[in-house]
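In what follows, a single structure is set out as structure tokens and then discussed.
The values are calculated or read from the model by the stated rules, or taken from the named source; none is laboratory data. The shown structure was predicted, so the numbers you read here are calculated from the model rather than taken from an experiment. Positions of Cβ are backbone-derived with ideal geometry, glycine not excepted, and every protein chain shown enters the neighbour counts. For the accessible areas, the whole protein counts, side chains as well, though only heavy atoms, and no ligand, DNA or RNA atoms are used. Shrake-Rupley method; radii C 1.70, N 1.55, O 1.52, S 1.80 Å.
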Amino acid sequence: MKYANEISKRKSFAIIAHPDAGKTTLTEKFLLFGGAIQTAGAVKSNKIKKHTTSDFMEIERQRGISVATSVMTFEYRDILINLLDTPGHKDFAEDTYRTLTAVDSVVLVIDCVKGVEEQTERLMEVCRMRDTPVIIFVNKMDRDGKYPFDLLDELEEKLSIRVRPLSWPINMGSDFKGVYNLYDKSLVAFQPNKKATDEDVVPLEDLSSSYIDEHFNAKDAAQLRGDVELIEGVYDKFNNEEYLQGKLAPVFFGSAVNNFGVKDLLDTFVDIAPIPRNRTASTREIDVYEDKFSGFIFKIHANLDPRHRDRIAFLRVCSGKFERNKFYHHVRLDKDVRFSNPYSFLAREKNIVDDAYPGDVVGLFDTGNFKIGDTLTEGENFYMTGIPSFSPELFKELVNKDPMKTKQLEKGIRQLTDEGVAQLFTQHGGNRKIIGCVGDLQFEVIQYRLLQEYGAACQFNSLSFFKACWITGPKDKVEEFIRFKSSNVVEDKDGHLVYLAQSEWYLNTERTNNPDITFSFTSEIH
Ligand code: GDP
């Protein structure tokens, strides 16, 4: 328990949202509260604006921004908060899913006009896989959105999680008057564009307080009292334990752009969000309080300068203390490695760090030794589990256009897929390479980067597969299946067998014909 004090001071989380819900705006307000930035507008959106045609400058810009804002560390009320950024564009959703394995909780932003959107549902699915605690922020209350009670129902229904409002809006849109905090019974009146630090929080004894009658008209006061009575009647008291188990999501209402309701959210986050927790590894549970260091790579970022092939691997510390220049065991390669220039992300600057503790993220310079999911330890052989791979949506065969550059192409595609840019499948017993992506933009990024960074020209031929299914089952059954379906069976980078189904109908047929084989749309890296 040498590091209990450090661990108790740390909270690592991600803000997730469907694009445009307000993630960037909320991030910026959080950083302002943390004193990490001085001016509004300093956090750049990592969105790629164009959706169909590619704009490589935009991609490069995005890559630049996402290195700079990958992790933002700031202090608030003596807590060291690590905010991990997630890409907004859905074509890069896999990056987001993996980042979610490196955080201890999330804040989910919902646009009150649009409610639960497509990307929100998928992100929540990933959170549920690990029972990640979720706090929901219903944003844009200065707009006429959905009726708050309907929104709560929609959240419960579409996100499959119970919710419990901890703040409650007084009207919305142009008539938005403020929020009442049900958690600490205080009230804040809404004044657009007021500065962050000036929020006037008025503590109230209870809702019968005359303050409400003095500051709101009779209709609004009655509505608030009625709503709150209804909430207290319908919803159980907020249960912190259920939140920590990922079963119950507290809900806040506010307006990020007006910095309204954000402080309530941040204060409650600091009060209730979990500190770094134990992790599951292949051989045992890793106790966060163990003295010995362990950590894993959840993201790899290529250097923007093509003349330097080094990359940045993002390490999440899971237990013990990470120290600069100390040798650690790279489990997959079975070799010892050390890092002379690891860096942290305090206040958006890169600083060399001497040590880091559970919950922290460290950037490691890498010359190609890492791939996503790699584990570092102090000698023991285990790897962290629970880092997901999802079935891609699009499949294309990689075709070499320049036979003189075969080696470069092989190396490039291996390194890019190590970074997690896309998934690489190789024909079982052959050498055909199939790339699986979530969105077309990824193919363009790969083609561009193979040429720019490796000098290798390639082309993609579309394949009409619908899903990748990882197959497991009794050895003889699997072998028999492979024999009959050899043209549809490939291996992922870890040598796991994958069946590429042409359509849902084919998949269902195979499922029926092969009851002993499990077909899964997700796999764990390793
Ligand atoms: P992201 O895609 O989730 O990062 O969303 P942004 O933070 O970039 O916000 C998308 C748009 O919504 C921007 O134009 C913001 O100014 C706007 N926005 C963010 N918060 C609010 C809010 O509380 N009210 C209103 N009306 N607009 C907001």
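Scanning the range 430-442 for residues that are outside any loop (DSSP other than H, G, I, E, B), modelled with pLDDT of 90 or more and under 18 Å from residue 457 (Cα atoms) gives 433, 434, 435. In the set (1) surrounded by 19 or more Cβ atoms within 10 Å (Cβ to Cβ); (2) within 16 Å of the ligand (Cβ to nearest atom); (3) assigned to a helix (DSSP H, G or I), the condition left unmet by residue 169 is number (3). Residue 459 - would you say it is open to solvent by 50 Å² or more (accessible area, probe 1.4 Å) and either at pLDDT 95 or above or closer than 23 Å to residue 299 by Cα (or both)? Yes: the conditions hold for residue 459. Scanning the range 439-463 for residues that are free of Cβ contacts under 8 Å to residues at least 60 places away in the same chain and under 22 Å from residue 521 (Cα atoms) returns a single hit, 443.
Picking from residues in the range 117-158 that are modelled with pLDDT of 95 or more, hydrophobic (A, V, I, L, M, F, W, C) and in a helix (DSSP H, G or I), the one that is nearest to the ligand (Cβ to nearest atom) is 151. In the range 16-31, the residues that are within 12 Å of residue 118 (Cα to Cα) reach residues that are at pLDDT below 90 and more than 6 Å from the ligand (Cβ to nearest atom) with C-beta atoms within less than 6 angstrom, at least six apart or across chains, in these pairs: 18/119. Among the residues here, residue 57 does not qualify as modelled with pLDDT of 60 or more and more than 16 Å from the ligand (Cβ to nearest atom).
Checked against (1) among the β-branched types (Val, Ile, Thr); (2) within 14 Å of the ligand (Cβ to nearest atom); (3) modelled with pLDDT under 85; (4) assigned to a helix (DSSP H, G or I), residue 86 meets all criteria but (4). Residues in the range 118-146 that are among the acidic types (Asp, Glu) and farther than 30 Å from residue 276 by Cβ were compared, and the one that is nearest to the chain's Cα centre (by Cα) is 118. Note on the range 248-340: enclosed strands (runs of 3 or more DSSP E) holding 2 or more residues that are within 16 Å of the ligand (Cβ to nearest atom) and hydrophobic (A, V, I, L, M, F, W, C) are 248-253.
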